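Here is the structure we will look at, set down as structure tokens.
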Amino acid sequence: MSQRHDAPPDMPPDMRGDPAAGALIGIDWGTSSLRAWRMSATGAVLAEAQAPWGILNLPDGGFPAALARLLADLNGDAGLKLIACGMVGSASGWHEVGYVDCPADAAALARALVRPAGRAMPGIVPGVRQIHPVPDVMRGEETQIVGALALYPELADAATLILPGTHSKWATVRAGRIVGFHTAMTGELFAVLSRHSILGRPGEGVPPATEDAARLAFRQGVRAAVQSRQGVGPLLFSARSLFLSGAVGAAETRDYLSGLLVGDEIRAGLAERPDMLPTVLIGEERLCGLYATAFEMLGAPVPRTIGNTAPAGLYHIAMTAGYFRTDPPTQSG
């Protein structure tokens with residue numbers, strides 16, 4: 001079952017609900033989850049729904065059934081415009097959409113927006129591709145970046161935007177365009193190591209760590225990653241050896257492992273960005289809070305957390321693509 005909510009409380013004030021009628025359904029359709037927002041013609045979020053129907057975990061009936069049930073939860077009628085971002089546009093998604101090359105901005109994404117004809121499906125935002133110095137790609141994060149720049153225009157001149165997650169992105173923005181980025185597989189590495197390796201076994205079947213114990217173990221992991229000159233690889237087994245020696249409790253081994261991986265990601269990310277552009281964190285509050293802790297421990301300025309900016313990005317791309325008229329109606333007489 002999907003879940004419906006009123007306008008999310010962490011949404012910036014200018015994106016909260018207003019009395020205008022719904023005009024747009026914005027959808028962030030990822031690998032493991034699905035979130036959607038009903039928005040007014042001015043971009044105000046009126047309602048939110050979410051479901052565990054990522055592209056690899058669809059209900060009976062596939063993509064069309066998932067979308068229909070989501071629209072019902074959002075009270076979205078047939079007249080609403082639909083726009084989606086994320087893995088829904090991948091080769092494993094509903095309709096494959098290509099990539100826009102860096103440098104990329106909202107206008108480039110809007111031009112490449114794919115609206116399949118004759119099918120009851122949303123327009124799909126393309127991903128972004130970097131060719132040099134190392135090939136890299138993103139799907140979904142480009143929309144969050146567009147939303148961040150729309151909500152906080154002071155970031156458009158020059159900034160680093162960090163999007164923690166399964167595949168964390170560190171993106172550099174200049175003059176309102178994504179000019180480069182790199183991916184850190186921190187979230188996926190943590191999932192694999194904690195669930196499918198010996199490192200996560202001590203935490204299986206035991207009560208979760210207390211908040212204080214988890215925080216201390218995470219910080220211990222960050223500290224170990226920061227002090228290492230060899231990178232995180234040689235440190236991973238310390239999650240096992242510290243447990244065996246009694247230095248880390250069974251329930252805290254995963255927090256320690258998380259600290260190792262997050263600490264190493266941020267250490268490497270800062271080393272690649274000596275110019276220290278204004279930096280923000282985009283995403284879920286708890287995860288961004290862990291990243292902020294690691295920044296503080298490294299002695300770097302702690303980035304501001306600006307929450308989930310996908311709704312703003314979907315709206316802004318829809319506007320740029322001409323989903324709505326922006327000129328006021330003419331008056332007769």
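The values are calculated or read from the model by the stated rules, or taken from the named source; none is laboratory data. If you're wondering where the values come from, they're calculated on a predicted model, not measured in any experiment. Glycine gets a Cβ as well: all are built from the backbone with ideal geometry, and neighbour counts include every protein chain shown. The accessibility values were calculated without ligands, DNA or RNA, using every heavy atom of the protein model including side chains. Shrake-Rupley method; radii C 1.70, N 1.55, O 1.52, S 1.80 Å.
Against the list (1) modelled with pLDDT of 95 or more; (2) in a loop (DSSP other than H, G, I, E, B), the condition Asp28 fails is (2).
Is the range 24-40 home to any residue that is β-branched (Val, Ile, Thr), open to solvent by 60 Å² or more (accessible area, probe 1.4 Å) and in contact with a helix residue (DSSP H, G or I) (Cβ under 6 Å, 6 or more places away or on another chain)? Yes, that holds for at least one residue. Scanning the range 217-239 for residues that are crowded, with 19+ Cβ neighbours inside 10 Å and farther than 19 Å from Leu287 by Cα yields Ala224, Val232, Leu235, Ser238, Ala239. Residues in the range 217-235 that are without any contact (Cβ under 8 Å) to a residue 60 or more places away in the chain and not in a loop (DSSP other than H, G, I, E, B): Ala217, Gln220, Gly221, Ala224, Ala225, Gln227, Gly233, Pro234, Leu235. Looking only at the range 290-314, count every residue that is in contact with a helix residue (DSSP H, G or I) (Cβ under 8 Å, 6 or more places away or on another chain) and in a helix (DSSP H, G or I) and tell me the total. Residues flagged as in contact with a helix residue (DSSP H, G or I) (Cβ under 8 Å, 6 or more places away or on another chain) and in a helix (DSSP H, G or I) within the range 290-314 amount to 11. Beta carbons closer than 6 Å, at least 6 apart along the sequence or on distinct chains, pair a first residue in the range 296-321 that is over 13 Å from Met39 (Cα atoms) and of a type in the set (Ser, Thr, Tyr) with a second that is assigned to a loop (DSSP other than H, G, I, E, B) and at pLDDT 95 or above for Thr309/Ile282.
For the range 284-302, a residue qualifies if it is modelled with pLDDT of 95 or more and open to solvent by less than 40 Å² (accessible area, probe 1.4 Å), and the qualifying residues are Cys288, Gly289, Leu290, Tyr291, Ala292, Thr293, Ala294, Phe295.
Among the residues making up the range 99-151, those that are open to solvent by 10 Å² or more (accessible area, probe 1.4 Å), more than 19 Å from Tyr323 (Cα to Cα) and of a type in the set (Val, Ile, Thr) are Val100, Ile131, Val134, Val137. Checking each residue of the range 253-273 against the condition of being without any contact (Cβ under 8 Å) to a residue 24 or more places away in the chain and closer than 23 Å to Pro234 by Cβ gives at least one match.
Cβ-Cβ distances below 6 Å connect the following pairs, each with a first residue in the range 174-190 that is among the charged types (D, E, K, R), a second residue that is open to solvent by less than 70 Å² (accessible area, probe 1.4 Å) and modelled with pLDDT of 95 or more, and a separation of six or more residues or different chains: Arg174/Ala158; Arg177/Pro103; Arg177/Asp105.
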